[in-house]
Amino acid sequence: MLRCLRVGCNWKLSVAAIVLSGITQMVSAASSIDGHVRADVRHFLDTAGHGQQSNQVSTALTIEPSWRYESVDRQQLFRMSLSGRVGNIDSQQDAANVKELLFSKFSDDWELHAGIGQYFWGVTESQHLVDIINQLDLVQNIDGEEKVGQAVVNLTKFTDVGTLDLFLLPGFQERRYPGRKGRLRTQLPVDAALTRFESAAGRHRLDLAARFVGTFGASELGVSVFSGTSRAPQLLPAVNEAGTAVLAPYYPVMSQWGIDTQYTRNDALWKLEAIRRTVGGSAYYAVTGGIEYGIYGIFETDTDLSVLFEPSFDSRAVAAGPFDRDVFVGLRLSFNDAQSTEIVGGLLADTDRSSRMFNVEASRRLGADWTMKLQARLFRNIASDDPLAAYRADSFVSWRLSRFF
Amino acid sequence: MNNVLLAFFLMVTSSALHAETAEEKGLSISQEAQRRDSGWADLKATMVMVLRNSRGKESSRRLETRSLEVAGDGDKSLTIFSRPADIKGTVFLSHTHPTRPDEQWLYLPALKRIKRISSSNKSGPFMGSEFAYEDLASQEIEKYSYRYLRNVTYQGQDHFIIERYPEYKRSGYKRQIVWLDVEHYRVTKIEFYDRKDSLLKVLTCHGYTQYLGRYWRANEMRMENKQTGKSTVLQWRDYAFQSGLNDRDFDRNALKRIR
């Protein structure tokens, strides 16, 4: 491994070596398999806005099996989570991903994890500013709640004040984009063949990150730092080999400091996330914060209502994302019935422009092993200079049926 | 003669001063019940929860619980969900406190996210069942005030009946009436009265078994909702005491390594 560090050879091999040596030590162990299969049907309400985009109802089948293998002394654990998707419209959205392939060694005061992992940092709901380890799978979910596994060596150290995590992040996963026929894409399609990196090591740059998180009475505090290839590329106009106008992804190197904190008092969760990010020599700030307020047993029923209010701010004049100067308002109705029926609704409103994005999701369990979800997402009055402008004609309703095993 | 009268007077007043009030007796019974059930250190158990609606349709849940006794503070507990399958791997962590608000966290495995949640939802149903969060939380002495009512013979055994009133905010109950057997101070029945003081639910505990020669645990708890006709049965299995769990196992960051 040290030799690898010096000569900069493929880090994935070293990670694989650690994982394999771990597995071979797990002589006798307990294993379990679970996961789910789901079908999605999505109907777009408007005629496609960009050339060659499909107007068909989109359907997709996704399978996500997981496998756990644990040593008898419970000091070692191997877990694997895969994801495979096939759809009817855009083959570029079909993919097989390793979401997790992680060997973990546990001790009283520390843990070592090596392989491909998934991490979540932060406290807010409308966007996840601080969260940076994993590449997002925006093809599966444009909200950024779906992730791609990241090659990682992670040392966790428990202390009396909190937990310190150190990360070596070898290898980089590029962001995937819909193809020409796919909906919810940029106006010009992204051509992954034209991908460029700022780092000379390209996708093999060794990125570094650290995070401390602790609980101090009613407050949770996280402080994090990251230095590495930006998970979000800049999309630059280009012409590809076929002579077509496309967007070419360019991944700069960046550094980021982040804090995330939540203060919990009575029915209110007060949240704040802030980052300072330096890309290409210039720095900017971004902040999201607000409140999640719970009202329990409304109208003397078993139903709980949560109200969310989260304004966002980004110091850049022209923002690279939809959360530059926006306000998110959300509602969550939990019926607390045997089927776990839940309705969530959200509105993202731009404070400078007319743009509005609505999202409503209703879900419930059917029997013991099935769940169903209905979703409607509407883009309304999207300003032409808004980062969401490309999605203008992509309002949709969708239906998801999942079978868990 | 005067001295005799004085002595008699003193005797009567002092005995009146030291006579135990119903409130004191209620508290002392509860304290004795807790004293007898302390020192267990830590406990693991598996729970199967069968929910039955008013038409008799059943659905089930399966979860694992781990608890840690904390000297001078409320207990800590972990609840690990394994069924229904769509919530498998979800973990709920609670640090209870006798007087200040409990601290609670939720681990959502699909997102790998740990979320601190509000602990003020006491009266809401747990997993859609007839058990409220407050029914399953650690029952600290300071969370109620007490009043002894009377002794009765219940199921052939002498029982104390005490009334208790929640002293924490947001309880769904005005009061509870608790049956404890005189011999072992085990709770065998609780009647729950809603905020309007109407009978809401009745809990009965069955199949008490003694562990480590000291600690009694029921292997079945039945909760019947008298207002809706719904019911929930908790079946407890695999009680394991003193398996060496410690504070680290109930730390916020332990949520991610639960398995």
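Bear in mind that the values in this text are calculations on the coordinates, not laboratory data. Owing to the predicted nature of the structure, the values given are computational and were not obtained by experimental measurement. Neighbour counts are summed over all protein chains in view; Cβ atoms, including those assigned to glycine, are modelled from backbone coordinates with ideal geometry.
Modelled this way, with points 7 Å down the Cα-to-C-beta line, the labels at A:Ala192 and A:Asp46 are 2.8 nm from one another.
Quick one: of B:Lys25/B:Lys226; A:Lys373/B:Lys57; A:Lys373/B:Lys169; B:Lys169/B:Lys256; B:Lys143/B:Lys196, which pairs are farther than 26 Å apart, Cα to Cα? The pairs that break the limit, which is 26 Å between Cα atoms, are B:Lys25/B:Lys226; A:Lys373/B:Lys169; B:Lys169/B:Lys256. A simple count of charges around A:Thr244, restricted to other residues whose Cβ falls under 12 Å of its Cβ and scoring Lys, Arg +1 and Asp, Glu -1, yields -1.
Stretched out straight at 0.36 nm per residue, the stretch from B:Tyr208 to B:Lys169 would grow longer than its current Cα-Cα span by 10.9 nm. Our summary gives chain A a relative contact order of 12 percent, counting only alpha carbon pairs under 8 angstrom and 6 or more residues apart. Summarising the label geometry, the points placed 7 Å from Cα in the beta-carbon direction at A:Ala368 and B:Val152 lie 3.7 nm from one another.
Couplings 3J(HN,Hα) of the stretch B:42-48, computed from phi: 8, 8, 10, 7, 10, 10, 10 Hz, in residue order, whole Hz [Karplus 6.51 cos²θ - 1.76 cosθ + 1.60, θ = phi - 60°; x for Gly and Pro]. Once divided by 2.2 N^0.38 Å, the Cα radius of gyration of the stretch B:23-257 becomes 1.00. Secondary-structure-derived ellipticity at 222 nm for the protein assembly as shown, considering helices only, amounts to -2500 deg cm²/dmol, per-run term -39500 (n - 2.57) for DSSP H runs with n ≥ 4.
Working from label points 7 Å from Cα in the Cα-to-Cβ sense, the B:Ala41 to A:Trp399 distance is 5.7 nm. Decide, for the protein assembly as shown, between rounded, prolate and oblate: order the square roots of the alpha carbon gyration tensor eigenvalues as a ≥ b ≥ c, take rounded if a/c falls under 1.5, and otherwise choose prolate if a/b is larger than b/c, else oblate. Here the protein assembly as shown falls in the prolate category. Under 5 Å between amide hydrogens, built in the peptide plane, is the criterion, and for A:Phe197 it picks out A:Tyr251 among residues at least 5 positions away or on other chains. Rounded to the nearest 10 degrees, the angle from helix B:2-18 to the longest Cα principal axis of chain B is 10 degrees. Taking 0.36 nm per residue of sequence separation and removing the Cα-Cα distance, the A:Val161/A:Trp257 pair yields an extension gain of 32.5 nm. First check a/c for the stretch A:225-306, with a ≥ b ≥ c the square roots of the eigenvalues of its C-alpha gyration tensor; if it is under 1.5, answer rounded, and if not, answer prolate when a/b is larger than b/c or oblate otherwise. Since a/c reaches 1.5 but b/c is at least a/b, the shape of the stretch A:225-306 is classed as oblate. Computed from the C-beta positions of A:Ser199 and A:Arg380 and an R0 of 35 Å, the FRET efficiency is 0.30 to the nearest 0.05.
If a/c stays under 1.5 just call it rounded; otherwise compare a/b with b/c (prolate if a/b is bigger, oblate if not). Do that for the stretch B:155-259, with a ≥ b ≥ c from the square roots of the Cα gyration tensor eigenvalues. Oblate, since a/c reaches 1.5 and b/c is not below a/b. The length gained on full extension between B:Glu220 and B:Glu20, counted as 0.36 nm times the residue separation minus their Cα-Cα distance, comes to 68.5 nm. Report the FRET efficiency, 1/(1 + (r/R0)^6), for A:Asn55 and A:Tyr250, where r is their Cβ-Cβ distance and R0 is 35 Å, rounded to 0.05. Efficiency for this residue pair is about 0.65.
What residue among B:Gly26, B:Gly229, B:Gly213 has the largest mean-square fluctuation in a Gaussian network model of chain B, using Cα springs under 10 Å? Ranking B:Gly26, B:Gly229, B:Gly213 by mean-square fluctuation puts B:Gly213 first.
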